[in-house]
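The block underneath contains the structure these notes are about, expressed in structure tokens.
The values are calculated or read from the model by the stated rules, or taken from the named source; none is laboratory data. These numbers come from a predicted model, not from an experiment. When we count neighbours, we look across all protein chains shown, and the Cβ atoms used for this are built from the backbone with ideal geometry, even at glycine.
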Amino acid sequence: MNSKTDTPILPGCSVLPPMDEGKGSQHGHQGNGTDQGTANKAKGKTGRRKTSDRFAVLNAFVDFTAGGLSRNEILVWLVLYRDTKAGTARTSQADLARRAGVSDRTIRRAIAGLQKKGLLRVAYRGGIGRGASAYCVRPVPPDK
């Protein structure tokens, strides 16, 4: 719950907030003499807000969703969430299997389970010669 409004953190959320790489982080600093965090603060933006938004999504997932998922579904969701940029995560099932430490077949079952529960939508189905698949990840199932 959000202490300011006493409502769920992500009511009606359809897609996760994007994670902008390099903005407001030291990893993205190019050494050009300007501090990205200072530049963002001057414009009224902070690098901190995006991080707190991502923690709010993780908190919502853990508090409201993770209890009803299998271990493999949680692993797949976390890997995809970590890869989410601009609302989608692009990766192959083989890469998911390698990073989660499970088989390709287990990944397919976990993806199917997450889709059935409304936590994942396949935006683009990749394959040989077509590139990686794209997924839209949700922290809580949509209202039914």
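Annotations
- Looking across segment 132-144, the residues that are part of a strand (DSSP E or B) and out of contact with any Lys or Arg (no Cβ under 6 Å at 6 or more places or on another chain) come down to TYR135, VAL137.
Residues are listed down the side, and each one gets a yes or a no for (1) modelled with pLDDT under 70; (2) assigned to a helix (DSSP H, G or I); (3) over 29 Å from SER133 (Cβ atoms):
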site: GLN30; (1), (2), (3): yes, no, yes
site: ALA39; (1), (2), (3): yes, yes, yes
site: ARG48; (1), (2), (3): yes, yes, yes
site: PHE55; (1), (2), (3): no, yes, no
site: ALA60; (1), (2), (3): no, yes, no
site: ASN72; (1), (2), (3): no, yes, no
site: TRP77; (1), (2), (3): no, yes, no
site: ARG82; (1), (2), (3): no, yes, no
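- ARG99 farther than 26 Å from GLY127 by Cβ and basic (Lys, Arg): no
- Scope segment 90-104; condition surrounded by 16 or more Cβ atoms within 10 Å (Cβ to Cβ) and assigned to a helix (DSSP H, G or I); matching residues: GLN93, LEU96, ALA97, ARG99, ALA100
- Residue count for segment 105-131, restricted to those that are crowded, with 17+ Cβ neighbours inside 10 Å, outside any strand (DSSP E or B) and of a type in the set (A, V, I, L, M): 5.
- With respect to (1) within 18 Å of PRO141 (Cα to Cα); (2) touching a Leu at 6+ places or on another chain (Cβ under 8 Å); (3) not β-branched (Val, Ile, Thr), the lone exception for LEU96 is condition (1).
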